[in-house]
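Report on the structure given below.
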Amino acid sequence: MPDILTPKPPQLYVIVGSTATGKTALSIALAKQCNASFILSADSQLVYQGVDIGTAKPTIEEQAGIPHFGIDIVPPTNLFSTVQYQQYALPLLKEAFEQGKSVVIAGGTGFYLQGLLQPYQLPSVPPNPTFREALTPIASETLHAQLLAKDPQRASQLEPQDKNRIIRALEIIEATNAPVSDAWQPSLLTQHLPPQQQPIIHWVGLQPADKLVHWQKMEARVDAMLEQGWLQEVATLVEHYGVDCPVLQAAIGYPELVGVLQQKWLLAEAKATINIRVRQYARRQRTWFKRNTAIDWLPADCLAEKTEKLLTLIIKKSQ
């Protein structure tokens with residue numbers, strides 16, 4: 001006979017996938033359906049204040065009254081690391097799960113999700129500004145070659161252009177005197193929650209059925225962002241923080257629009273380059289999440305029309 005006094009484990013729904021697949025819309029619909037305590041963003045660009053249009057940050061209206069966390073945490077002058085995200089997110093999740101509440105996480109930054117939920121996390125090494133400043137002027141490809149020599153496994157996980165994460169990996173190696181891949185530990189949730197409070201995790205991936213249609217959708221979204229005032233947003237950020245602001249030099253599309261403001265690019269040239277970078281980013285996201293065999297992949301096409309069907313499928317899988 002089942003113990004009726006045994007509480008049902010908390011549920012954690014994790015919605016992942018490449019950019020422009022409808023993760024935000026589905027997360028909000030799912031949070032309503034499941035009466036989730038909150039939605040936690042797992043997007044490394046949404047943490048920055050004022051970096052809104054070009055990151056497709058959900059507006060207050062789009063958040064539909066559901067508490068959202070992981071958004072607007074730091075100014076764009078402060079680079080936000082994976083370890084800082086873990087330190088921010090863990091107390092939120094821990095409190096919810098201790099109370100038996102469900103949570104929805106949505107985002108496309110695999111490093112954030114790996115650190116929190118998968119078997120390993122990056123070691124807790126605080127940022128070293130002096131070390132970072134010394135490496136920043138060095139070409140990204142050169143830094144990647146250095147990482148390849150010191151930690152081939154970690155280097156194979158990073159694109160040569162992913163300068164911030166390459167520097168972070170070298171920073172960890174400098175501090176621990178060991179490859180990053182050798183220093184990984186059990187996930188944070190495993191360490192900080194007793195078995196009865198650990199959530200049942202449901203991984204849901206949104207996958208476009210047609211690559212060309214997805215490309216067209218991403219290009220249409222870039223056009224819409226520009227119409228919404230993306231260039232003006234960049235001008236405001238430059239005015240407040242200067243062109244050397246770290247996020248303006250890293251977030252997809254922002255360096256190109258800074259170039260437009262400096263008259264180094266024509267807007268049409270910048271837009272073409274942004275579209276290429278977005279496609280490359282989507283490919284990296286797909287590659288990353290394909291490694292996670294726990295993900296149930298669902299069709300992302302015509303998401304608005306299929307939301308009810310997807311919600312029914314997700315709930316069914318979680319029972």
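The numbers here are math on the coordinates, done by the rules we state, and not lab data. Worth saying up front: this structure is predicted, and the values here are computed from it rather than measured. When we count neighbours, we look across all protein chains shown, and the Cβ atoms used for this are built from the backbone with ideal geometry, even at glycine.
Span-like helix criteria (full DSSP H runs; alpha carbon extent of at least 18 Å along the helix axis; mean Kyte-Doolittle hydropathy of at least 0.0) are satisfied in the chain by 163-176, 303-318. Using Cα pairs under 8 angstrom and six or more residues apart, how large is the relative contact order of segment 124-183, in percent? Normalised by residue count, the contact order of segment 124-183 is 36 percent. Just want to confirm a number: the relative contact order over the chain, from Cα pairs under 8 angstrom separated by 6+ residues, in percent. Relative contact order for the chain comes out at 27 percent. Here the dipole of the chain is about 860 debye; that uses its Cα centre as origin and unit charges on the Cβ of Lys and Arg (positive) and Asp and Glu (negative).
Each of 234, 140, 188 was placed along the dipole of segment 118-237 (beta-carbon charges, centred on the mean Cα), and the one lying farthest toward the positive end is 188. Ordered by the number of other Cβ atoms lying within 10 Å of each residue's own Cβ, fewest first, 276, 53 fall into the sequence 276, 53. Amide H contacts of residue 69 (H built 1.01 Å from N, in plane; Pro and chain starts excluded): 39, 40, 41 sit under 5 Å, all sequence-distant by 5 or more or on other chains.
Enumerate the residues in segment 283-298 having an amide nitrogen under 14 Å from the point lying 7 Å beyond the Cα of residue 211 toward its Cβ. What the label zone holds, given the 14 Å backbone N cut-off, is 283-287.
Residue pairs exceeding 24 angstrom between C-alpha atoms, taken from 32/94; 32/211; 8/57; 57/217: 32/211; 8/57.
Seen through its C-alpha gyration tensor, with square-root eigenvalues sorted a ≥ b ≥ c, the chain comes out oblate because a/c lies at 1.5 or above while a/b is not bigger than b/c.
Kindly identify segment 37-93 as rounded, prolate or oblate by the Cα gyration tensor criterion: order the square roots of the eigenvalues as a ≥ b ≥ c, call it rounded if a/c is under 1.5, otherwise compare a/b with b/c, prolate if a/b is larger, else oblate. Judged from the Cα gyration tensor, segment 37-93 comes out oblate (a/c at least 1.5, b/c at or above a/b). Does segment 124-183 come out rounded, prolate or oblate, given a ≥ b ≥ c as the square roots of the eigenvalues of its C-alpha gyration tensor, rounded meaning a/c under 1.5 and, failing that, prolate meaning a/b above b/c? Because a/c hits 1.5 or more and a/b fails to exceed b/c, segment 124-183 counts as oblate.
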